[in-house]
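As structure tokens, the structure follows; a few thoughts come after it.
The values are calculated or read from the model by the stated rules, or taken from the named source; none is laboratory data. Worth saying up front: this structure is predicted, and the values here are computed from it rather than measured. As a convention, Cβ positions derive from the backbone with ideal geometry for all residues, glycine included, and neighbour counts pool all protein chains shown. Surface accessibility is based on the protein's heavy atoms, side chains included, excluding ligands, DNA and RNA. Shrake-Rupley method; radii C 1.70, N 1.55, O 1.52, S 1.80 Å.
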Amino acid sequence: MVVSPRRGVVITGVGVVNAVVVGASPALADWLAAPRAAPRAPAGGARPAVRLPTTTLSALIDPGEGRRLARVCQLTVAAARLAVAESGLDPAAGLGLVIGSELGDFTSTIAFADGYLARGPAGLSPLLFPNTVMNTMASTTAIAVAARQLSLTINVPTVSGELAVARAAAAVAAGRVDAVLAGGVDELDPLVAEVLDALGDDGVRGEGATFLVLEAETTARARGASVLGRVAGSAWRSLAARPWGVGRAVVSRAIQEALERAGRPAPGWLYASASGDAPRDAWEARVVAAALGADAASVSLGGLVGHHAGLGALHVAAAAWTARTGRLPASDGGRPRSVSGGGLVHGLGRGGGHVALVVEAA
């Protein structure tokens, strides 16, 4: 489903919580100007992973919330509050919520199941049970930031963060809501790391959350909000592929439709979803080259912060920074490249789900 934009959609707030960036858009801008990789350590499997220090998260969450909320919910609430605070938006005026996550609170789900397997019904925890529901992050965050409009949780591999932002932008553009808090979140789990290692996943896994406040441009301008960028067009489609596998199709209707909605030609730069999964990464490179040409400058920040659902939303925020500054950071943390105009954020997952967003300076 793709909703044609009828209103301009702008970004007015950013909140990032991961191993290298904690804060709103100024903190992200400082890191993008000279990106560095986070320290890595094994996380259950042999592959290195990027973990957020416990002390960092505890500094952002009230002790009472820390006892009550699961870790992935703490990540979500912390990043969401940063984004809403930067936007200056009063949630009472109407705020929706769209969250993307690959696995949700998988840690609590495993613990809940293990309790039953170890002790039978007596081992089931009523405190853990609510966290086994995939929208537990949305429910706790909606309460924390007083988001009383639409609420949606998206669970898909690789592209859940990008898709959450695209769905939120479509809702704002269509007039269903004036403002939406959208982004992605995941936490590291040792069992997931072990399974990915056994499957031969070469990517660097990470954890964290990134959220954006998206508003109708007329509404944001009317209240005097500082605008960080514009989501000029977005679309999501599916490319033919085997279930959970890599396909051969390279003609992207999502990229074409996003560019048509933005009313612009193919841009010369993009943030891609390269994840270290070699067959999938090669497929995405072919899809992008078919749509934008082989010379488009491409970057993925996953190798620096680790791959998780928050990365897709981080790429949208980073694309807004690139559109403002004309600088595209390097995947290896090297010298940024000079680019101009707006760009593309692209996500493609095994199985064919893919997302395209055109991001411009406002």
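Side notes on the structure shown:
- Stretching Arg327 away from Ala37 to a fully extended chain increases their span by 102.6 nm, per 0.36 nm per residue minus the current alpha-carbon distance.
- Extending 7 Å from Cα along the Cβ direction at Thr218 and again at Arg335 yields two label points whose distance is 4.7 nm.
- Magnitude of the charge dipole, the chain, Cβ model with Lys/Arg +1 and Asp/Glu -1, debye to 20: 620
- Percent accessible area from carbon and sulfur atoms, segment 279-348, protein chains only, probe 1.4 Å: 48
- For segment 19-85, carbon and sulfur atoms together expose 57% of the accessible surface, with a 1.4 angstrom probe and every protein chain in place.
- Nearest-0.05 FRET efficiency for Asp90 and Leu150, computed from C-beta distance (R0 22 Å): 0.80
- Selected from Gly123, Met134, Ser101, residue furthest toward positive end of dipole (segment 14-142; charges at beta carbon): Gly123
- Value of relative contact order over the chain, rounded to a whole percent, pairs C-alpha under 8 Å and six or more apart: 25
- Each label point was placed 7 Å from the Cα along the Cα-to-Cβ direction; for Arg7 and Ala240 their separation is 3.9 nm.
- DSSP beta bridges fully contained in the chain are about 70 percent antiparallel.
- Here the label points at Arg68 and Arg264, each 7 Å from Cα along the C-beta direction, are separated by 4.3 nm in the simple model.
- Sequence-distant contacts, meaning Cα pairs under 8 Å at least 6 residues apart, place the relative contact order of segment 186-305 at 25 percent.
- Accessible-area value, Tyr116, 1.4 Å probe, nucleic acids and ligands omitted, Å²: 110
- Taking 0.36 nm per residue of separation and subtracting the Cα-Cα distance, full extension of the segment from Val227 to Val250 would add 4.8 nm.
- Rolling a 1.4 Å probe across the protein heavy atoms gives the chain an accessible surface of 39 Å² per residue.
- Solvent-accessible area of segment 86-176 (1.4 angstrom probe, protein heavy atoms only): carbon and sulfur portion equals 62 percent.
- Surface/4 estimate of mean projected area, convex hull on alpha-carbon atoms of segment 112-240, nm²: 11.5
- Sparsely packed loop sites in segment 157-250 (the trypsin sites (Lys or Arg not before Pro) outside DSSP H, G, I, E and B with at most 12 other Cβ atoms within 10 Å) comprise Arg248.
- Arg40 contributes an accessible area of around 110 Å² to the protein surface, as traced by a 1.4 Å probe with all chains present.
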